[in-house]
1. At 4 °C and a viscosity of 1.567 mPa s, what translational diffusion coefficient does Stokes-Einstein give for segment 157-215, taking Rh as the Kirkwood radius over Cα pairs? Give it in µm²/s as a whole number.
2. Segment 429-536: D in µm²/s via Stokes-Einstein (Kirkwood Rh, Cα pairs, 37 °C, 0.692 mPa s)?
3. For segment 310-427, list log₁₀ I(q)/I(0) at each q in 0.12, 0.19 Å⁻¹, using the Debye formula over Cα point scatterers of equal strength and ignoring solvent, two decimals each.
4. How big is the Kirkwood radius of segment 666-713, worked out from every pair of different alpha carbons and given in Å to one decimal?
5. Based only on the alpha carbon positions, what is the Kirkwood hydrodynamic radius of segment 378-473, in angstrom?
6. Does segment 702-782 come out rounded, prolate or oblate, given a ≥ b ≥ c as the square roots of the eigenvalues of its C-alpha gyration tensor, rounded meaning a/c under 1.5 and, failing that, prolate meaning a/b above b/c?
7. Distance between Cα centroids, segment 185-212 to segment 814-847: provide it in whole Å.
8. I need the semi-axes of the equivalent ellipsoid of segment 291-376: take the C-alpha gyration tensor, multiply each eigenvalue by 5, square-root it, list largest first in whole angstrom.
Ligand code: B3K
Ligand code: ZN
């Protein structure tokens, strides 16, 4: 148990920095076990006279400290495990410090650490304090000059900005000096040193400047960076066109590393990526990998303006850069790959990750008010819901005003650290609108429930809509106020044809109603017949909506809604209701047949593309279904969902076979969205067939695996074989391992696949895999592949009635917390929602949380999450 009670950081306590640092010079003498860091800071007082200088610093061995050239005696300052305090400093002075750090021993992968024999850094949010003494907060912006010196075996010496100088040193050493002309907060600092290959390219910007582009990777891997490079160039051009944003330095670098706590990092001019989000070729990467690489390369690049040039005043403003940048990368991906499919995938991700957060102990506003560890707040709420809020803003004010507001934001805040209020103010100014009620989206946690009841009046030809909203309480926010919710809607006739109507005096076929009170009545006129309502088109707001429409309306929508999001959603709603009815012991077999038939018709629709059809074919996930069932019974959900799949497999058997044969690729591999869509549909068809593993299906799956010419199909074959289980799956697993054992990113897939195995005895096999020679808990990718995938992606096995799944996860959390608290904390989530499950399961989950909470020396990261999960108010 922790003996201290950590004190939260609160937004209301924000104070501007007492001192600013305009310039800094850092000198690194890079030695894996004993790196020396000299810092020379030009410090200027900005707060009250007489205040001492207080700098953050953790795990630093202080060698010396000097003010204006005078070396301080130990009595001139105070130093403890977290701070260096120097009283009696002048209003402007030069501070020089020297510290020693041990990158080799840094297993938390925060600050300066070693990965694959190379030096690399991760400073966001508060890692820079593990490198040198510094006011480690995002509102202190400084110009950095960095000198790196190392043995020549560390061939590349990289840091932010432009290379000023490089050369040889005696004793087999060499050095490089980098200067970043743009003032930045320390969390954007980066350095990399080591043996790396490079893929080079260049791009001419909108004003005609040539920018060198370099992607650094493990030796021999440069060809696998080609797709990332292509994505980068498309991102750079897109930001010029969509937002008028041009890149600013002459050089843009990306480095791929193997050991990284999350996806990637937007350090100024020197992005650092988890290799899994950068390297791809058809043999080793799936279409999903390609898609994510494109999105994340864009995301980190877009941060150059939304994050780096304009940054956050404090960490409570995290969504200012993250929600906005997710919105930008989603818009980019939509332009690249098709908006309907992209939207469906984004909403699926929101529902899978953010909706549960809102229903659990971690529910927090898009802009939180307090935290113990900011690392715990890089959440789906900040990122994905943060993006939804920007999307709603754009819907409410229109694309043109949205762009004008963004232009004003860039102009006004370039070079500054700012707040969400200042951002929204730009849109209020350009539109002349009062956006104060919109701001509630940033301050209020929870997913609003929206209901719509409709009444058609044939005589008056009107459709009366009664809309209402309410948001359930969340921890610390017992009562909620109404939010402005944009509800985009249209009408269909019973044959699925679009119907025009009059709204606010104009004829239209789609309107956006803003539900900004608890209840609102809206009347649509000029409605020729009793319509099918297509509401919340494109998922126009992050809410849970229910209507009083009968199931038959959903069949109309599934067949014909011109809004493809709602077409897909209609199918999901039908499937969800069928599965939940079955899970509650009330199966409706006739309705299940009808659903299977309707899906079959949707699959035969010549007009829609394959990627969309693959989404139609997939049922809601077990975790999505668990959110809609109180209390959730994971085994009942699993069985009911499988039963519906089986019915679909039987009903659609011929069609699935035809798809599987007809969509077989021949010729050159293409990673584009259309080809990926064809593979997605073909693999989905195979997977559905495999729920009914007759001999011919197993043969088909084995043939699919053996004939696969790319990783997407290889994984599709393995997935189908896993459903069938038995010897053919065991053979494929060992074949796959033998073939790919030298490729860490592929072996991650091998572990992740088995973590999702729902077959008999899966839990035992997953536990057994932790002793596999290739399992390495210290590598975040490997740990996530097995342990996080199991906790979040295999509800049936995780929620084993014995509680063994919970115990396994808790053991892993405690083990990992000993060396990497950030990663350990990320594993807590599957246990945190214990209140939503059957009481006997909830009690077992809770018991594991109590066990974790009582552990000696628990990190602040894990402590914050388990105490929130156990708190009474949740
Ligand atoms: N800004 C980083 C995330 C940092 C996470 C620190 N725990 C990557 C991104 O969102 O682009
Ligand atoms: Zn980001």
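1. 94
2. The Stokes-Einstein estimate is 213 µm²/s.
3. Normalising to I(0) and taking log10 leaves -0.45, -1.08.
4. 11.5
5. Kirkwood radius, segment 378-473: 15.9 Å.
6. Oblate, because a/c is 1.5 or more while a/b does not exceed b/c.
7. Computed from Cα coordinates, the inter-centre distance equals 40 Å.
8. 24, 19, 9
The numbers here are math on the coordinates, done by the rules we state, and not lab data. Everything numeric here is computed off the predicted structure, so don't read it as measured data. Backbone-built Cβ (ideal geometry, glycine too); neighbour counts: all protein chains shown.
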